[in-house]
Amino acid sequence: MFQKDYWERKSLGKRRHPSHPVVRDYAVPKLDWVFQSLALDPGARILDVGAGNGFFSHYLERFGPTTAVDFSGQMMALNPAPRKALMRAENLAFGDFAFDLVFCHALLHHVEDLSQVIREMKRVSRRYVVVMEPNPRNPLMWLFSALVPEERKALAFKGNFLGKALEAQNLEVVDSCAFGLLVPNQTPAFLRPLLNFFNFPQPWGMTQIWVARRKS
């Protein structure tokens, strides 16, 4: 209920649309970086878990048919994905190996059972699991995570925490980095041209990215 209320609050209706220039510049360079590490055929099946209002679902569609799932009805109503469903990450209603790539952004620090969610993501993936999470090494991200109770678990996601969590589920980490200084909702639009100069992998980037593949 703690997280459910957070993701159903009325103010979320004011979130930027995925096509907003700041959101686009937040999402697209990260996906371009991720997909250079993947060996996927055109039209690969993609699942976006905890997709929210579609910041990444909208752009993942460029790489293959994308299904977006989230437990918040309010978020799903805002998500423009053509294929979407209400669903909890701990119990994905898909068969084993149903997707070529399973993706999540800013989800894992909100869940109660991290291992179960990664296990489910691996189960429905035929090849790859990609996760993106806030980087607590960035001072502004650390402060935001410390001040907002629903975001506070992100403080633990430092160093190789996520890498170890993925490897514990028999996933092999292919690549990882921290990336960029943009954030999709809070970055003022007038700062976008300046912050785009820093839109590349860097230790103090706002967002951690982990690319992993199945071992078995």
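Miscellaneous remarks
- The strands (runs of 3 or more DSSP E) falling completely within segment 14-110 that include 3 or more residues that are crowded, with 18+ Cβ neighbours inside 10 Å map to 46-49, 66-70, 99-105.
- Residue count for segment 161-177 under the criterion of being touching a residue at least 60 places away in the same chain (Cβ under 8 Å) and not aliphatic (A, V, I, L, M): the result is 2.
- Any chance LEU155 is modelled with pLDDT of 95 or more, crowded, with 17+ Cβ neighbours inside 10 Å and touching a helix residue (DSSP H, G or I) at 6+ places or on another chain (Cβ under 8 Å): no
The values are calculated or read from the model by the stated rules, or taken from the named source; none is laboratory data. What you see is a predicted model; the values in this text were computed from it and never measured. Methodologically, a virtual Cβ is constructed for each residue, glycine included, from the backbone with ideal geometry; neighbour enumeration extends over all protein chains shown.
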